[in-house]
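Just so it is clear, none of the values below were taken in a lab; they were calculated from the coordinates. Because the structure is predicted, anything quoted here is derived from the model rather than measured. FYI the Cβ positions are ideal-geometry reconstructions off the backbone, even for glycines, and counts take in every protein chain you see.
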């Protein structure tokens with residue numbers, strides 16, 4: 001998407017999504033949207049509204065009637081966002097759940113009182129808090145909601161018709177459905193669900209029509225084990241359900257379908273999970289499913305779509321086999337995500353910048369600071385090296401003089417850009433840059449550009465990681481030096497922060513006893529600067545994946561680290577299991 005002018009493209013029924021103010025009247029097929037830029041994730045309700053999640057825990061509701069409403073969770077880190085037809089759930093890393101809904105659509109929400117929202121605010125699901133539930137993920141369909149806790153206990157609220165809740169009665173308070181669960185899957189349109197136990201057993205329940213893979217069509221009112229499978233349950237990556245069929249994707253890139261032949265668009269009248277013949281030679285990496293249609297992306301950067309009443313584009317209406325989509329606005333699909341709803345398809349660039357999050361956490365912790373901006377009583381601590389890096393090596397004294405009489409709020413606003421590249425007041429920034437004789441394009445991701453320049457500037461490094469491929473004899477002088485900037489290690493690795501914090505001695509090198517190869521450590525160090533893993537023709541991908549798989553834990557990286565995602569990309573592109 002980086003090669004495209006716009007971040008978001010929409011396809012769907014014109015009357016339902018015209019409120020997004022698309023750039024032209026070409027709806028319903030692949031129309032760019034000007035009102036949404038740099039989204040992290042987008043989910044859409046059934047009609048006339050959607051929610052966008054941005055960096056910094058910011059959310060926006062785009063609604064046909066109420067317009068654009070903005071929300072911000074001040075003291076929480078958003079982990080994920082999901083939706084049913086008209087209800088949105090926000091899960092935080094602390095295990096709390098917030099909801100956003102219309103006033104008259106509160107069925108199944110775990111709220112203590114009939115609180116009034118009507119899109120006005122995010123509401124904490126207080127009944128989950130009362131039960132002291134540490135929620136890991138939420139999945140939902142119309143009027144039925146599931147809350148999977150970090151201890152493997154699955155709770156539910158809402159309607160139970162056709163067994164879609166897994167219990168016989170409607171429930172208004174969070175009710176334990178089952179224990180020992182590892183994953184749960186559903187969909188806003190499916191009215192059914194699947195879950196995988198910690199013993200790697202697959203269960204299904206709810207509205208059926210053959211889409212539960214149980215070789216029958218009647219509703220399943222209590223979860224039943226799915227046994228007729230041609231793949232390992234431990235290999236299941238995702239399952240999504242629509243009105244009449246379900247799609248399953250494995251970690252090996254294979255796609256299976258079950259459900260009604262005239263609705264699933266693949267001509268398979270099967271009520272067990274069956275490999276889709278036209279995709280058997282493809283390796284699928286992403287999948288999204290709507291009420292009647294679906295999109296998928298292969299490791300060869302190919303986008304496919306098919307289904308009944310699809311909103312993909314005219315030539316794919318009612319396509320009965322997956323067809324390749326020549327998306328006209330993109331030259332690269334590697335960084336995109338997509339969402340399929342009942343009447344809409346969204347394709348958007350996925351802005352998940354974990355690098356910024358690390359530097360924001362580093363900035364807020366105020367550790368290892370060595371510089372002050374502002375007068376006594378109004379001062380803000382910061383880091384000289386970060387200031388120099390981001391202001392093109394302007395003298396620190398000049399920056400300090402500029403901010404001597406500035407209010408603390410303006411100093412923090414400036415530092416938010418320094419550390420996180422976040423622009424909150426363009427006119428103020430332009431005045432500051434003019435005063436500092438800085439020429440900076442505010443539209444560019446200059447933090448990443450600056451860090452890449454820093455990585456290439458080996459003359460300015462002030463620290464060395466010492467590595468060896470064989471034994472770790474400290475008397476041996478054959479340790480190889482990998483030059484690095486200390487500020488990068490401090491910002492990105494808890495292991496190195498502890499090293500520097502727990503000693504009173506000055507030191508300019510450290511020996512790495514992790515047992516990883518020199519090549520792997522060099523790749524990891526570059527990842528610290530760029531948030532990317534780039535292999536050369538000489539690198540062994542299997543070795544790199546194997547050695548860096550535990551790096552998040554060993555080097556105490558941010559739990560949101562992009563390292564796992566980057567390693568998964570290597571696995572997929574090299575067909576590594």
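Of all DSSP beta bridges located in the chain, what percent are antiparallel, nearest 5?
Working: 104 of 107 bridges.
Antiparallel bridges make up about 95 percent of those DSSP assigns within the chain.
Taking every Cα atom in the stretch 460-573, find the radius of gyration and the maximum pairwise distance Dmax, and write them in Å.
14.2, 46
Which angle from 0 to 90°, rounded to the nearest 10, does the C-alpha axis of helix 354-365 make with the longest principal axis of the chain?
Taking the Cα atoms of the chain, the angle to 354-365 is about 60 degrees.
Report, to the nearest 10°, how far helix 426-435 tilts away from the longest principal axis of the Cα atoms in the chain, using its own Cα long axis and a range of 0 to 90°.
Tilt of helix 426-435: around 20 degrees.
Order these peptides, 57-65, 228-236, by their mean beta-carbon neighbour count within 10 angstrom, highest first. Walk me through the intermediate numbers first.
Numbers: 57-65: 16.9, 228-236: 14.3.
Highest-to-lowest ranking by the protection proxy: 57-65, 228-236.
Given N residues in the chain, what is Rg(Cα) / (2.2 N^0.38 Å)?
Working: Rg = 25.7 Å, N = 577, 2.2 N^0.38 = 24.6 Å.
Taking the Cα Rg and dividing by 2.2 N^0.38 Å, one obtains 1.04.
Extending each Cα 7 Å along its Cβ direction at residue 569 and residue 401, get the distance between those two points in nm, one decimal.
Inter-label distance under the simple model: 4.4 nm.
Classify the stretch 30-130 as rounded, prolate or oblate from the Cα gyration tensor: take a ≥ b ≥ c as the square roots of its eigenvalues, call it rounded if a/c is under 1.5, otherwise prolate when a/b beats b/c and oblate if not. Mind showing how you got there, number by number?
On the way: a/c = 2.05, a/b = 1.31, b/c = 1.57.
Here the stretch 30-130 falls in the oblate category.
With N residues in the stretch 404-444, what two-decimal value do you get for its Cα radius of gyration over 2.2 N^0.38 Å? Walk me through the numbers before you get to the answer.
Working: Rg = 9.8 Å, N = 41, 2.2 N^0.38 = 9.0 Å.
Ratio of Rg to 2.2 N^0.38 Å for the stretch 404-444: 1.09.
Between the helical axis of 408-420 and the dominant principal axis of the chain, each derived from Cα atoms, what acute angle in degrees is found, rounded to the nearest 10?
The two axes meet at around 70 degrees.
Send over the per residue convex hull volume for the stretch 355-456, Cα only, as a whole number of Å³.
Measuring per residue, one finds 102 Å³ for the Cα hull of the stretch 355-456.
Just to verify a number: FRET efficiency for residue 539 and residue 466, C-beta to C-beta distance, R0 = 25 Å, to 0.05?
On the way: r = 21 Å, r/R0 = 0.84.
With a Förster radius of 25 Å, E is 0.75.
Between residue 481 and residue 68, what is the spin-label point distance in nm, taking each point 7 Å from the Cα along the Cα→C-beta axis?
Going from the residue 481 label point to the residue 68 one covers 5.1 nm.
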